[in-house]
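So the structure is just underneath, and the comments pick up after that.
The values are calculated or read from the model by the stated rules, or taken from the named source; none is laboratory data. Because the structure is a prediction, the values reported are computed rather than measured. Counting neighbours? That spans all protein chains shown, and the Cβs are built from the backbone with ideal geometry, glycine included. Surface areas here come from the heavy atoms of the whole protein model, side chains and all, with no ligands, DNA or RNA. Shrake-Rupley method; radii C 1.70, N 1.55, O 1.52, S 1.80 Å.
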Amino acid sequence: MPLLKTIRKKSINSGNLKKYLLYALGEIVLIVLGILIAWKINDLNEIRKNKIVELKIYNSLHEELDLNLEILNEAISKNSENLKRLEATLQYFGKDGSEITPGARDTIVQLNYQPVNLLDGALNSVINTTKFELIESDTLKSLITNYPSELSSFRMIDENINLIINNHVQPKIEEYLSLTDILAKDNPKFENIRNFAANSYYGELLKDKSYQNGIIDRYLKTEQLLTHAKKLRNRTQVMALSLKEELDRSKDH
């Protein structure tokens, strides 16, 4: 820069207008080039920062989807067993208490249900913020956009099953049966409790219309839940695979 100032001063002092104009033009060009270079560097920095954020988004989503796959696999396994138990219970409807074996009693008494807690924190963080715009893949954007509605449908069925159990099935079981039947048969510390426990009336329970309706309703809803769980597991696997591809592609660049 001191050299340019010296040249400019000499051009002015010499009175050579042409030289001065050429110098001025050159100085303008240098300034413009400097601005363009600075802008380009800043642009590259922004791209790099966005890429880092995008990778973090992909990683957090991928981890959440992997956890959801584990949860869904466990839910499918447990609800498949629940469906078998419910099918067996349906076969006992209308039977007398004397016809109900100890194994059948265990099947009837055990409600064996746990709500399915799928995760969506990372997903909502992406959808509800500007992070979503940083995702380049249109296919992945479409999958992410549709996923919350699929989660909502699954949760609605899951909640319905929980309500059926709490509001219809369990109250009837507690009305007719002694819950001491749930206690471990081979544990001696429960022996005295069972000796003085109230009687259970399995025959009356199995003929109760409200109980029957509750079991049938739960059976049908469990079939729906399994169908949705398998569909949701497939969608989750597709999303996880798409995210993996985006992660690999982003790392390569």
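Which of the residue pairs Lys78/Lys244; Lys84/Lys209; Lys221/Lys244; Lys95/Lys230 have a Cα-Cα distance greater than 23 Å in the structure shown? Pairs exceeding the cut-off: Lys78/Lys244; Lys221/Lys244; Lys95/Lys230. Rolling a 1.4 Å probe over the protein heavy atoms gives segment 30-123 an accessible area of 60 Å² per residue. The modelled label-to-label distance between Leu179 and Leu83, using points 7 Å beyond Cα along the C-beta direction, is 2.9 nm. Stretched out straight at 0.36 nm per residue, the stretch from Arg155 to Leu69 would grow longer than its current Cα-Cα span by 29.4 nm. Between Val29 and Asn234, the contour length at 0.36 nm per residue exceeds the Cα-Cα span by 67.9 nm. Among His228, His62, the sequence by solvent-accessible area, most first, with a 1.4 Å probe is His228, His62.
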